[in-house]
Every structure is written in C-alpha cells, then in structure tokens.
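In what follows, a structure is listed as structure tokens, so that the remarks can point back to it.
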Amino acid sequence: HEADVAWCHETVQGVSRTFALTIDVLDEPMSTHICLGYLLCRVADTIEDAGHIPPEPQAALLRQYDAALDSDSETDIEAFRTAVDQWLPPADERSADWTVVAEAPRVIATFEELPADVRAAIVPPVRELVDGMAMFVDRHATEGGLRIDSRDELEEYCYYAAGTVGNLITNLLTRGDLAADKRQQLYDTAVEFGLLLQLVNISKDVYDDYTEENNVYLPAEWLADEGIDQEAVVDPENREEAAEVVSRTASHAQSFLSDAEGYLQAM
C-alpha cells in the first residue's frame, strides 16, 4: 500500500502543476486524500478530452467509470480498464494522463484503503463530475467535440469540471470539528472558487483546447458578437476578435474573485 501511495504522489506531478504544488505542501493525511481524489477526477478528464475517441464510446466509457465508482453497482474498475484498453496509446507513447487511465485499477485499489469517511467525502463529487462530463459529451455528440453555446452553458460546464472539485476539497476540509459559520462559508463559496480556476484555464488554453482536443469552450454567442464562428476561433485573421472574447471570459472569471478569496480565508 505504501508503494502505491508513493506512486500516486509521483504520478500527480505529471498531470497537474497546480494540484501537485498544493499536494506537496499539505500535511498528511490530507495530502494523500486530495492526491487520490484528484487522480480519480483525472481519469474522467482524460477520457473527456480524448479527441480520438468518438462521442458515443466516450460517453459509454465515462458511464462505465461512474458505475465502477458506485459501491452498489456490479461494474468494477477492471471492466472499465478492459473497455478503455482499445483507446489507450501504446505503453511507450503514453502521456502521464493516459498512464493514470491505464493504472485506474491501481488508483482505485489505493483509494479503497482510505478510511470510510474519507471515501464518502470524495466519491459523490467525483461521480457528479463524471456524470456531468458524460452528459456534455452526449449533448455535443454531433459536433465531435464540445462546443459551448452560451454563458449559462459555460458556467454549467465549469460547475461539473471544477465546482465539483471545490465541493470535494470542502468535504475533506469540513470532516473535523469546525465552527458552523466557517463550514457554511466554505460551502457557500466552494463552487465559485472552482469556477474562477476553470474560467482562467479556459481563457489561457483556447488554442490547445481546439487544436489538440477539438473543444471550444468560448461561448458561441460571445464569438458571434465579434463575428467569429467557433470553427474559426484560432484562425490568425480572427486573432484580435478572439482576444476580445478571451478577455470577456477572463472578466467573467474575475466576477468570482471575491467569493474565491472568501473561500481561501475561511480555509
């Protein structure tokens, strides 16, 4: 078990700079709890971002993974691992993200060694994230990648991708003896904290999201205001107009700053 925990800590370094930095400075056991919670989310994230998996099998894989996380389901993680095998890059070409997917049974086995109350804090938000991603893949199946339509849909996506992670961290933070007002403040601002981080990611990753993952998170209605089609978001001649929409997205992120600050202070 100690070797598996060490492997998880080592692996998280390759899949997230920000979470890896955080996990490194946390005390145990919180460091391991958040490390494992993050890796569980990362499996789903990698499937959702996989441009080479068509939408139908992509959504099916996400639902199978969700079922593997459900203790009442007969689906186990080995069934997911078998199903995902045909979509894995060759072992010598795997990124850190795909290594986590390939080693999902090891991540789950390590996770199942954690205390029951820790698992109970982590599983519901992770399953909500996975379910939300499957829903979005289904919704945009005809486009072959995600195409966010409006500000409301952008916020909905950010909730499933990051607000759920805010709730996961808050569930872990509030397991101990905590004043009711502090607990309330954390839950009142956790989602906004996640939305801020996700909107910043969307603002800075427009090019890679489109060219590598065939996803456009900048809302179609905002791009239309600048006279741009989503499929032309990275065309050089649209650079200034697209930058306006990136700026608008970053400004929207800024609207969550005070809640995010409140979250950090309460934490």
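The values are calculated or read from the model by the stated rules, or taken from the named source; none is laboratory data. Source: prediction; values computed, not measured. Note: ideal-geometry Cβ built from the backbone for every residue, glycine included; neighbour counts use all protein chains shown. These area figures cover heavy atoms from the full protein model, side chains too; ligands, DNA and RNA do not enter into them. Shrake-Rupley method; radii C 1.70, N 1.55, O 1.52, S 1.80 Å.
Things worth noting here:
- Dimensionless Rg over Rh [region 86-234; C-alpha; Kirkwood]: 1.03
- Inter-label distance for Thr18 and Arg94, nm, one decimal - labels placed 7 Å from Cα along Cα-to-Cβ: 2.6 nm
- Accessible surface of the chain [probe 1.4 Å, protein heavy atoms]: carbon and sulfur percent: 47 percent
- Based on the Stokes-Einstein relation at 20 °C and a viscosity of 1.002 mPa s, and on the Kirkwood radius from alpha carbon pairs, region 32-121 is assigned a translational diffusion coefficient of 159 µm²/s.
- The radius of gyration of the Cα set in region 73-140, together with its Dmax, comes out at 13.8, 38 angstrom.
- For the chain, built as a Gaussian network whose Cα springs stay under 10 Å, the top-fluctuating residue of Arg239, Arg151, Arg248: Arg239
- Only Cα pairs under 8 Å and 6+ residues apart enter the sum, and on that basis the relative contact order of the chain stands at 18 percent.
- Kirkwood estimate for the chain, i.e. one over the average of 1/r between Cα atoms, Å: 19.3 Å
- Value of relative contact order over region 1-70, rounded to a whole percent, pairs C-alpha under 8 Å and six or more apart: 23 percent
- Probe 1.4 Å, accessible area per residue of region 43-118, Å²: 47 Å²
- Taking every full run of DSSP H in the chain, the ones that stretch at least 18 Å from end to end by Cα along their long axis and average -1.0 or higher on the Kyte-Doolittle scale are 2-15, 30-48, 55-69, 116-139, 180-204, 239-254.
- Cβ charges +1 (Lys, Arg) and -1 (Asp, Glu), total dipole of the chain, debye: 680 debye
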